[in-house]
Structure formats: structure tokens, C-alpha cells
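Heads up: the structure comes next, in C-alpha cells.
The values are calculated or read from the model by the stated rules, or taken from the named source; none is laboratory data. Keep in mind that this is a model prediction, so the values were computed, not measured. Every residue, glycine as well, gets a Cβ built from its backbone with ideal geometry; the counts of neighbours run over all protein chains shown.
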Amino acid sequence: MRNKGQQRKLKRSRRKTKKNKRVNLVIKELKVVSCIICDVENDSKSIEHIVSESLGNKKYLMNKDEVCDKCNSRFSKFEDKAISNTILGFARTVNGITTKKGKISSGKIKELIFKGQNATTPGLIEIKGGKNFLRYNKKNKSFELVVPSFDKNEISLSKLLLKMGIESLFKSKNHVYMDYDFDNLKKYLQNKTNDDWGFIMTQEKIGKFYDIPTKTMQKHLNKLGITMEYQNKDANTLLFRFRYMRSHVFIINLLSRDLNWTIEYKKIIPNLEVQPVHLNKKVGLTKDNNLNVAGVEA
Ligand SMILES: [Zn+2]
């Protein structure tokens, strides 16, 4: 038979074990991370670059497990098209940015084929594509080069922009991320829907946009002429603005396909087009010169 002292000791030690167990459980729960795109708990092997490595980003990364391997490999399918076959790829090659594997970059947009020549000489590139050269001047051997923005791959670029938008907010502006429901975007990035998701390209800024990356990270991104900003307009509209190599600027709504927000841009830039261009039918000028969005009065 145990005496009272021993019994008390035993109780205390049992209580201790219970307490320890609870603490361990809590720690375990904290360790489980869900993918921010598909919400599945995971243990990923890949490192997710918020801005594609192929655009020159080496440092702006998600933490391990915040994007699962499945989503990461799904991204790579549209990432390549969105970069090698759009104006982003041309900007990358002109600026001597190498590919993920450190090779000289190249690409193709419609008939225009471009290839970097030498990583140490950005700006020296080889270009092919007869239709794209205009006004050749024999005297000074100059010409104008027409660079198409896309090659029927606007969907890939929409997806790339949406991916960078949600990841950068999650990483650097978590309080903004927590305020919104990104269901539409998440479904779109998981290929559950495949309709177009329109965006515009303009350097024009209407209203105040706020920087997303931290100041330290911004220093790194500045070298690539990258800025990433957001603007919260209303419950249905959270704009993401991405600028690459200082001159290529894209704006997209991270919450829905709704294009109402483009009206004010169209008002000040008459020839502005929503991409892909067939979406402009939804956002057009009415007879009395008032902008109108697919049946919704402006
Ligand atoms: Zn996932």
C-alpha cells in the first residue's frame, strides 16, 4: 500500500504527463501547413518562387509547405507559356536575364523569334520574323520592331499574375490576405474553371496603390525593375499591379472576373484594351458615349 505522500507524488506525475502530452499535441498542430491554393495539408519538396525564377527572382520565396508540390507543378505548365511566349519573355531576353538553369533566354511570340546572345551583354539579341520589321532605314540601318504582347496565351499570363498576387499578399501583407476570400482564384489556378480572366496593361495609375513586398525584398526586386502593389477597391475588387523591367505593367482583379473596375481606365485611355481582347465586348462604349459593362449601367 502506498502512503499519502507517494499517492500525491503519483498524481502530480500523472498530471505532468497529461500536461506534456497536451503541449506536444499543440506543437504538432502548429507544424501542419496547408497549401494556400488547394488547402490540402502537405509536406512539399519544391520551393515556390513568388516571382518566377525565370524572370530573374532568386530571393522572394514562399516558406516550405505553403504551396504543395502538386500546385507547384501545375503552375509550371502555365508559367513557361506566360514567360517565353509573351512580352515578359522579350523583356527578359533584352535585359539579359538567364533561365532557371542559368542558360541564355529565348522565346517566340507569333512570328517573332528572339534569342539572347551573351549573358554579359544584355541588349545584344538575335531577332527573326520578317513581318515584324518596319520602316527600315538604309542610311543608318535602323528599323522599328513590332513586338506582339501575346501569342494566344493570355490565360497563362492571367494565371501567372493571379498566382504572384495571392502569394505575395500571403507572404508580405498577410492582414490584407486574411481580409478576403480567394475562392474564385484558387479554383482557377487548380484548373477547375478555364474561362478567361481579364487584365489590362497600362502604366497609368488611378488611385493609391500600396507596395506588397517588404522594403528589404523590394531592394532585390528593384534590380529587376519589379514592383508589386495592391489596391482594395471594394468587397469584389482587389487589384494587383505587377511591373516588370520598369515598363511592362499589368493590372488584374484577384477576387473575380468582374471587369467593372476597368471602366475608369478606359475613360482616360480611349484605346486601352482588356486582355484577351474579345473581352472588350463586355466593356465597351455605348452610343451615348457612356461606358457600359455587359448590361450593368456604368
Ligand atoms: Zn496545393
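Quick look at the values:
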read-out	value
Filter pass, SER73 being of a type in the set (Ser, Thr, Tyr), in contact with an Asp or Glu (Cβ under 8 Å, 6 or more places away or on another chain) and not assigned by TED's automatic domain parsing to the domain that holds GLN218	no
Residue match in segment 107-118 (condition: over 15 Å from the mean Cα position of the chain (by Cα), surrounded by fewer than 19 Cβ atoms within 10 Å (Cβ to Cβ) and within 29 Å of PHE170 (Cα to Cα))	no
Selection status of LEU279, part of a loop (DSSP other than H, G, I, E, B) and of a type in the set (A, V, I, L, M, F, W, C)	no
Evaluation of PHE90 against (1) assigned by TED's automatic domain parsing to the domain that holds SER247; (2) surrounded by 17 or more Cβ atoms within 10 Å (Cβ to Cβ) (one fails), failing number	(1)
Selection from segment 65-97 of residues that are among the hydrophobic types (A, V, I, L, M, F, W, C), in a loop (DSSP other than H, G, I, E, B) and over 14 Å from the mean Cα position of the chain (by Cα)	CYS68, ILE97
Residue that is over 12 Å from the mean Cα position of the chain (by Cα) and either at pLDDT below 95 or charged (D, E, K, R) (or both), where the choices are GLU154, GLU167	GLU154
Looking only at segment 75-96, and only at residues there that are in contact with a Phe, Trp or Tyr (Cβ under 9 Å, 6 or more places away or on another chain) and among the aliphatic types (A, V, I, L, M), the one that is nearest to the ligand (Cβ to nearest atom)	LEU88
Filtered residue count, segment 45-77, keeping only those that are of a type outside the set (A, V, I, L, M, F, W, C) and within 18 Å of LYS186 (Cα to Cα)	11
Filter result for LYS138 (within 27 Å of GLN275 (Cβ to Cβ), modelled with pLDDT under 90, among the charged types (D, E, K, R) and out of contact with any strand residue (DSSP E or B) (no Cβ under 6 Å at 6 or more places or on another chain))	no
Flag for TYR188 being outside any loop (DSSP other than H, G, I, E, B), free of Cβ contacts under 8 Å to residues at least 60 places away in the same chain and either outside the structural domain of LEU61 (by TED's automatic domain parsing) or surrounded by 21 or more Cβ atoms within 10 Å (Cβ to Cβ) (or both)	yes
Residue list for segment 99-124, restricted to those being free of Cβ contacts under 8 Å to residues at least 40 places away in the same chain, under 23 Å from PHE242 (Cβ atoms) and outside any loop (DSSP other than H, G, I, E, B)	SER106, GLY107, LEU112, PHE114, GLY116
Matching residues in segment 147-185 - criterion: being of a type in the set (Gly, Ala, Ser) and surrounded by fewer than 20 Cβ atoms within 10 Å (Cβ to Cβ)	SER149, SER172
Check on GLN218, away from the ligand (no atom under 16 Å from the Cβ) and either surrounded by 21 or more Cβ atoms within 10 Å (Cβ to Cβ) or part of a helix (DSSP H, G or I) (or both)	yes
First in segment 57-74 and closer than 8 Å to ILE47 by Cα and more than 9 Å from the ligand (Cβ to nearest atom), second anywhere and outside any loop (DSSP other than H, G, I, E, B) and among the small types (Gly, Ala, Ser), Cβ under 8 Å, 6 or more apart	none
Candidate set from segment 36-47 (those that are modelled with pLDDT under 95 and surrounded by 18 or more Cβ atoms within 10 Å (Cβ to Cβ)); member that is nearest to the ligand (Cβ to nearest atom)	ASN42
Residue check for ARG241: of a type in the set (Lys, Arg), outside any strand (DSSP E or B) and not assigned by TED's automatic domain parsing to the domain that holds ALA82	no
